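Engineer: Here it is: the structure, laid out below.
The values are calculated or read from the model by the stated rules, or taken from the named source; none is laboratory data. In this text the structure is predicted, and so the values were computed from the model without any measurement. Glycine gets a Cβ as well: all are built from the backbone with ideal geometry, and neighbour counts include every protein chain shown.
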Amino acid sequence: MAKVMLRENDEGKVLFYVAKKDMEEIIEKIEFDSEEKWGGEVELTNGETWFIEPAPKKLPEEVNAKRLSLG
């Protein structure tokens, strides 16, 4: 598990930042994408897949995420 900061950029895309790795990527695909249930499996621009526990969408926010696969 890693602490991840999520925030929206000026274009409305969600940025996924892992401070420990100094990695910032854009979320390309997301399993659940509504205001009430947001998260699940997410695919980043670098090809990695991570899991964010689904919850109401509140950005910016720091969450725990688990890497499922490398890009």
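Engineer: Being loosely packed, with under 15 Cβ neighbours inside 10 Å and within 11 Å of the chain's Cα centre (by Cα) is the requirement here; does Glu8 meet it?
Structural biologist: Against the criterion (loosely packed, with under 15 Cβ neighbours inside 10 Å and within 11 Å of the chain's Cα centre (by Cα)), Glu8 qualifies.
Engineer: Take Ala65 and decide whether it is among the aliphatic types (A, V, I, L, M) and either surrounded by 15 or more Cβ atoms within 10 Å (Cβ to Cβ) or closer than 15 Å to Met1 by Cα (or both).
Structural biologist: yes
Engineer: Then there is this: Taking the residues in segment 13-62 that are among the β-branched types (Val, Ile, Thr) and either under 10 Å from the mean Cα position of the chain (by Cα) or assigned to a strand (DSSP E or B) (or both) as candidates, determine which candidate is nearest to Lys3 (Cα to Cα).
Structural biologist: The residue in question is Val18.
Engineer: Taking segment 57-71, which residues are out of contact with any strand residue (DSSP E or B) (no Cβ under 7 Å at 6 or more places or on another chain) and under 20 Å from Gly12 (Cα atoms)?
Structural biologist: Lys58
Engineer: Name the pairs: first residue in segment 55-67 and within 18 Å of Glu43 (Cα to Cα), second residue polar (S, T, N, Q) and modelled with pLDDT of 95 or more, Cβ to Cβ under 9 Å, at least 6 apart or on different chains?
Structural biologist: Lys57/Ser34; Arg67/Thr49
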